[in-house]
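Worksheet for the structure shown next.
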Amino acid sequence: MILQRRILLPAVLLVVVLGASFALLFRAERVFRQVYPPYLLAKKTVYEKLDIQNRYDIHGAAVFFNEMNPGYPGLEKVSAALKAGDHETAVKEYLHWREAGAGRPRFFDLKKIAGKNPPDIRPAGYIIRLSKSVDIAERYLRDEFMYGNQVYRLSVPPSYFPQDPLEDILVNSFEFISKNLGIAFLLDQDERYPDKFAYFFNAWCDAASPLPDPYVTGDITHPQAYYLFTVARRAHSWVYAYYLFNKSLSDETRFRLAREILSHVKYVNASMEAAINGAGSRKNHEFWFQKGNQPLITAARQAGVLIMFPEFDKGSRMLSNSMRIIDSYLKNNLTAEGHQPERDEAYHEGSLVYLSELFLLARLNGVPIDPSIEREYEKTFEVLARIMQPGGYLPAVGNAYLATDPSNYLALGAYIFNRPDLKAGSKPNFTSPSVDFDAYAFFLDYLTDGATPARKAYLESDALPSTGFYVMRSG
């Protein structure tokens, strides 16, 4: 009995000490996660599994195809190759389907603005504006980045957790890179531009993937590579890169683009779905239901990407989540007349213009949009037409210090909603700096210009009490 006690007592004490130690370690890990960026603690998640170690080995495609809808129309040859265990053929058939297969998603006809078309079909102002992108792209070829009047030297290979905040914005958002290299390639068909994009893209994947788990939210989260707003913007810009550069990229890089886009939309959707369902952190919920424009732009980008990748498993559910966020934002954060009241008219246009691209992609691909969302969005154009001055400018109200030109924005509204009256008094102005049609959105102006003729609208004095505008007109 004494021997049993001598053995039992230390054993009990050992169990207690070990239990307390594990509890303290668990608590320390939770504290550590709150203090340090999640990428330091990334676990084996679906995102990491999608990013196989050898990213150029297309035989490692099994996990990616497990995330596809096997019965999606047009992917029969992909399914047959997978059943035969031939992943290389599956990848080639998948890439072929995305380019020429039956039932593939339809993208904008970029041939309209390709360099092989005669320059006289493009407005002169449009060419002037695009030529700036060529100048910027040339700097990328020299590993330079110009911000304002200052030139920054990019590290080679690029640093993806840099000290310089400007370089941080450049390499982690990818919108500057994709936009300017893509425009330059459309105009010149110079293969140096897709080659440089592939270099930046593959370097980013090697340095910054996989995406961390859990998702990161917040206004200033380092690294920016994992901030939800940036993740959605990056995936969106890669969709453009996929279609702009197309066969100029290797099969490996194009397939890698598809895998990264998949991991990005799943990452954003995990955060979005948690907020919608009342799960996850308070900080995450606040991100998706704030009054600022970030949830709207993030959800619009996410929805546009999902329309172009309908073969993703649970793609319709993820698209539905995005549309719920958009619907909530339009109904809860705009005035009764459709104005985004946070700052001024330029901010209103810059916040809402991304929905134009979503609407156009949805119509190209036969994806219905809820009529209530359509009506709320239509009002965002009407409200500017109602307060526009006779000369075609908006008054300097809010925190604007200059009158702004809404021509580009109203041209999109006229086309989307078949409203010629929205173009009355305005003319598409491709050199207007009032709206930054971020990451190719200003392409839409050119693609739709002339499709809807202007018609004079009869405007009277008007009252917009919810917005706080009262307009007196004479004559």
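Selection of first residues in segment 95-110 that are under 14 Å from Pro310 (Cα atoms) and of second residues that are of a type in the set (S, T, N, Q), restricted to Cβ pairs under 6 Å at least 6 apart or on distinct chains, gives the following pairs, ordered by first then second residue: Pro105/Asn365; Arg106/Asn365.
Here Pro158 fulfils each of the conditions (1) in contact with a Phe, Trp or Tyr (Cβ under 7 Å, 6 or more places away or on another chain); (2) within 19 Å of Lys132 (Cα to Cα); (3) at pLDDT below 70 apart from (2). Residues in segment 276-287: is at least one touching a residue at least 60 places away in the same chain (Cβ under 8 Å) and crowded, with 22+ Cβ neighbours inside 10 Å? Yes, segment 276-287 contains at least one residue that is touching a residue at least 60 places away in the same chain (Cβ under 8 Å) and crowded, with 22+ Cβ neighbours inside 10 Å. The C-beta contact set for segment 325-354 (first residue farther than 21 Å from Ala411 by Cβ, second residue part of a loop (DSSP other than H, G, I, E, B) and modelled with pLDDT of 90 or more, distance under 6 angstrom, 6+ apart or interchain) comprises Pro341/Thr335. Take Ser328 and tell me if it is surrounded by fewer than 22 Cβ atoms within 10 Å (Cβ to Cβ), at pLDDT 95 or above and within 26 Å of Asn66 (Cα to Cα). No; evaluated as a whole, the condition is false for this residue.
Filter segment 347-373 down to the residues that are buried (at least 22 other Cβ atoms within 10 Å of the Cβ) and farther than 24 Å from Ala270 by Cα, then identify the one that is modelled with the highest pLDDT. Looking at residues that are buried (at least 22 other Cβ atoms within 10 Å of the Cβ) and farther than 24 Å from Ala270 by Cα, I get Ser356.
State yes or no: is Leu296 in a helix (DSSP H, G or I), within 29 Å of Leu95 (Cβ to Cβ) and in contact with a Phe, Trp or Tyr (Cβ under 8 Å, 6 or more places away or on another chain)? Taking the combined requirement at face value, the residue does not satisfy it.
No other residue among Leu422, Leu384, Leu444, Leu394 is of a type outside the set (Gly, Ala, Ser), at pLDDT 85 or above and surrounded by 20 or more Cβ atoms within 10 Å (Cβ to Cβ) apart from Leu384. Candidates in segment 120-151 are the residues that are modelled with pLDDT of 75 or more and of a type in the set (Lys, Arg); of these, the one that is surrounded by the most Cβ atoms within 10 Å (Cβ to Cβ) is Arg139. The residues listed here are Lys44, Lys77, Lys49, Lys112; of these, the one that is at pLDDT below 80 and over 19 Å from Ser263 (Cα atoms) is Lys112.
The values are calculated or read from the model by the stated rules, or taken from the named source; none is laboratory data. This is a predicted model, so every value here is computed, not measured. Heads up, the Cβs are rebuilt from the backbone with ideal geometry, glycines too, and the neighbour counts pull from every protein chain shown.
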